[in-house]
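Below is one structure, written out as structure tokens; comments come after it.
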Amino acid sequence: MSPTNEQARVFFALWPSQPESVALADWQPALKELCGGRVMRPDTLHTTLVFMGEIETHRLQAAQLAAQEVQAESFELCFDAAHYWGHNHIVFASPGNVPPQLQQLVIDLEQRLSKHRLVFERRPYKPHVTLLRNAQWKDAELPLMPAVRWQIRDFVLVQSKSDEQGAHYEVLAQLPLIHGLDSL
């Protein structure tokens, strides 16, 4: 494979600070006791904004430049509920209320990527943080969890890599948001 054809598996995401990551990881023991499954490592917890999948490595700079054009405001995101998706057997944290700034961030990012002719997965946006994989649950509600508040001031471009220990993520670029009147 020539260098111009090398591929990288990438996505844009919201990446928590360590206290936010630890607070979400604190949900995992109780949920694992109920649902079983495999606990996601705290250092891998994130909220995907746009999944690009496999792209040629020489296009990574174009993806970063497109993301730098995004004009979205910073905001607070509050994860306050745990849910289960039976189709892929994951337990995840989700916000009860999706801030309009988050919706606008995803829309603006998708528009910028399209403008630069970059391919990405198109589907309705449902913000979540995967906490458990290979879980088993029914349609009943999961127990209430303490709210975890993220102060979103930036988003990141991440490369997913796999080895014998499993998947791990490398942040390739950190992209700041505009400080809104409500932030800080």
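Quick one: is Q174 at pLDDT 90 or above, under 30 Å from T57 (Cα atoms), not aliphatic (A, V, I, L, M) and not in a loop (DSSP other than H, G, I, E, B)? Don't jump to the end; show me each part of the working.
Details: at pLDDT 90 or above: yes; under 30 Å from T57 (Cα atoms): yes; not aliphatic (A, V, I, L, M): yes; not in a loop (DSSP other than H, G, I, E, B): yes.
Yes: the conditions hold for Q174.
For the range 82-128, give me each residue that is closer than 17 Å to L157 by Cα, touching a strand residue (DSSP E or B) at 6+ places or on another chain (Cβ under 8 Å) and of a type in the set (D, E, K, R).
Correct list: E110, E121.
Among the aromatic types (F, W, Y) and over 28 Å from A147 (Cβ atoms) - does that describe any residue in the range 108-124? Outline the logic, then answer.
Quick first cut of the range 108-124, residues among the aromatic types (F, W, Y) only: 120.
Filter once more, so that each one left must be over 28 Å from A147 (Cβ atoms): 120.
Yes: the range 108-124 contains one or more residues that are among the aromatic types (F, W, Y) and over 28 Å from A147 (Cβ atoms).
May I ask you to verify whether V50 is farther than 30 Å from A140 by Cβ, touching a residue at least 40 places away in the same chain (Cβ under 8 Å) and out of contact with any strand residue (DSSP E or B) (no Cβ under 6 Å at 6 or more places or on another chain)?
Taking the combined requirement at face value, the residue does not satisfy it.
Condition (residue is touching a Cys at 6+ places or on another chain (Cβ under 8 Å) and not small (G, A, S)) applied to the range 117-134: is it met by at least one residue? Before you say what the answer is, go through the steps one by one.
Keep residues of the range 117-134 that are touching a Cys at 6+ places or on another chain (Cβ under 8 Å), which gives 132.
From the residues that got through so far, the ones that are not small (G, A, S) too are 132.
For the range 117-134, residues touching a Cys at 6+ places or on another chain (Cβ under 8 Å) and not small (G, A, S): present.
Test each condition in (1) loosely packed, with under 15 Cβ neighbours inside 10 Å; (2) at pLDDT below 95; (3) more than 17 Å from the chain's Cα centre (by Cα) for I55 and report the one that comes out false.
Just one mismatch for I55, condition (1).
Examine the range 109-118 for a residue that is part of a strand (DSSP E or B) and within 14 Å of the chain's Cα centre (by Cα), and state whether such a residue exists.
Going residue by residue through the range 109-118, those that are part of a strand (DSSP E or B) are none.
No, the range 109-118 contains no residue that is part of a strand (DSSP E or B) and within 14 Å of the chain's Cα centre (by Cα).
Looking at the range 145-158, which of the residues that are within 18 Å of the chain's Cα centre (by Cα) and in a loop (DSSP other than H, G, I, E, B) is surrounded by the fewest Cβ atoms within 10 Å (Cβ to Cβ)?
For the range 145-158, the residue satisfying everything is A147.
Could you list all residues from the range 61-72 that are surrounded by fewer than 19 Cβ atoms within 10 Å (Cβ to Cβ) and under 27 Å from W150 (Cβ atoms)? Can you show your working first?
Looking only at the range 61-72, we keep the residues that are surrounded by fewer than 19 Cβ atoms within 10 Å (Cβ to Cβ), and these are 61-62, 64-65, 68-69, 71.
Selection gives Q64, L65, Q68, E69, Q71.
Residues are listed down the side, and each one gets a yes or a no for (1) modelled with pLDDT of 95 or more; (2) exposed (fewer than 12 other Cβ atoms within 10 Å of the Cβ); (3) basic (K, R):
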position: I107; (1), (2), (3): yes, no, no
position: L131; (1), (2), (3): yes, no, no
position: W137; (1), (2), (3): no, no, no
position: S160; (1), (2), (3): no, no, no
position: Q165; (1), (2), (3): no, yes, no
position: S183; (1), (2), (3): no, no, no
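Taking into account only those residues within the range 29-45 that are surrounded by fewer than 20 Cβ atoms within 10 Å (Cβ to Cβ) and under 17 Å from the mean Cα position of the chain (by Cα), which is modelled with the highest pLDDT? Give the steps one after another, and end with the answer.
To start, the set of residues in the range 29-45 that are surrounded by fewer than 20 Cβ atoms within 10 Å (Cβ to Cβ) comprises 29-30, 32-34, 36, 38-39, 41-44.
Subset that is under 17 Å from the mean Cα position of the chain (by Cα): 39, 41-44.
Numbers: V39: 95, R41: 91, P42: 91, D43: 90, T44: 92.
Here the residue is V39.
Could you tell me which residue of the range 109-124 is nearest to A81 (Cα to Cα), considering only residues that are without any contact (Cβ under 8 Å) to a residue 40 or more places away in the chain and surrounded by 12 or more Cβ atoms within 10 Å (Cβ to Cβ)?
We begin by selecting, within the range 109-124, every residue without any contact (Cβ under 8 Å) to a residue 40 or more places away in the chain; these are 111, 114, 117, 122-124.
With the extra rule that they be surrounded by 12 or more Cβ atoms within 10 Å (Cβ to Cβ), the set shrinks to 111, 114.
Values: Q111: 30, S114: 32 Å.
Looking at the filtered set, the residue picked out is Q111.
The values are calculated or read from the model by the stated rules, or taken from the named source; none is laboratory data. Please read all numbers here as calculations on a predicted model, not as lab measurements. Every residue, glycine among them, receives a Cβ derived from its backbone with ideal geometry; neighbour counts consider all protein chains shown.
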